[in-house]
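The values are calculated or read from the model by the stated rules, or taken from the named source; none is laboratory data. Just so it is clear, the structure is predicted and the values come from calculations on it, not from any experiment. In this analysis, Cβ positions are derived from the backbone assuming ideal geometry, glycine residues included, and neighbour counts consider all displayed protein chains.
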Amino acid sequence: MPYHHVSVTRPTTKAEAKVFDHASAMLADVYTMCSGHQLKRTKGGGCNFSAALVLVCVLDALAGHIYAPTMAIKSRTKARGVQQLRFEKLIVDLMPWHPSWAPTKQDFAEILYVEIRNPLTHEVGRDPSFVKARPPGFTEPEVNVWSAVKPRRIGVVDARKTWPEKWPILEPDPRLLSSATGKPTRYRLTVVALYWAVKDILGQLAK
């Protein structure tokens, strides 16, 4: 099944039109990364972090150039810059989310910015020393393309009209448990779930 580009139906400036075009093209790249054609005879990677990086870059651009480019946002703390606040506002306002998912959407927005966007963009994945939204005892998040999502066909994901509650974008990773408590000690980010949510946001902004 081919990738379907997002159609822009609302009036835009030339600059905005270019952002929409580039965002849809970058999502098409992620679509290919998740296509399931594994490099079985090589030692190549599974595109986990590369796909996640592309997705947070799309969110970053949409937040800064389409959703809230001139919004006057003042941070109550020095730790949060304007771009982070715009990024988090975009997610909190527009990202599809189920109330049963942990963490909360606000904490997810901070984790995605501080633990995925910043390290992958600036520090080649170095674990941040402190993340307020990370629960005590948790290590840095795991990035997995599919997690429990089935069937593992990106065309099926792309065609969905809604995202099911049983497949969170971010969730406590059931594969890494504390030997003392038996509870998870890290979050797991599912790339195809984030892909679907980012494309849904792009579609909302394009109308």
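One table, with the values for the structure above:
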{"item": "Boolean, VAL198 is crowded, with 16+ Cβ neighbours inside 10 Å, β-branched (Val, Ile, Thr), touching a helix residue (DSSP H, G or I) at 6+ places or on another chain (Cβ under 9 Å) and under 20 Å from LEU120 (Cα atoms)", "result": "yes"}
{"item": "Residue pairs meeting the criteria (Cβ under 7 Å; at least 6 apart or on separate chains; first surrounded by fewer than 17 Cβ atoms within 10 Å (Cβ to Cβ), in the stretch 1-27; second part of a loop (DSSP other than H, G, I, E, B))", "result": "THR9/LYS207; ARG10/LYS207; ALA17/VAL8"}
{"item": "Selection within the stretch 166-182 - under 14 Å from PRO103 (Cα atoms) and in a loop (DSSP other than H, G, I, E, B)", "result": "TRP167, PRO168, ILE169, ASP173"}
{"item": "The one condition in (1) in contact with a Leu (Cβ under 9 Å, 6 or more places away or on another chain); (2) surrounded by fewer than 17 Cβ atoms within 10 Å (Cβ to Cβ); (3) within 22 Å of LYS132 (Cα to Cα) that SER178 fails to fulfil", "result": "(1)"}
{"item": "Residues of the stretch 167-184 that turn out to be more than 21 Å from ALA52 (Cβ to Cβ) and at pLDDT 95 or above, as a count", "result": "0"}
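Every residue, every condition in (1) assigned to a loop (DSSP other than H, G, I, E, B); (2) out of contact with any Lys or Arg (no Cβ under 9 Å at 6 or more places or on another chain); (3) among the hydrophobic types (A, V, I, L, M, F, W, C); (4) on the phi > 0 side of the Ramachandran plot, yes or no:
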| residue | (1), (2), (3), (4) |
| --- | --- |
| GLY137 | yes, no, no, yes |
| TRP146 | yes, no, yes, no |
| PRO164 | yes, yes, no, no |
| LEU194 | no, yes, yes, no |
| ILE201 | no, yes, yes, no |
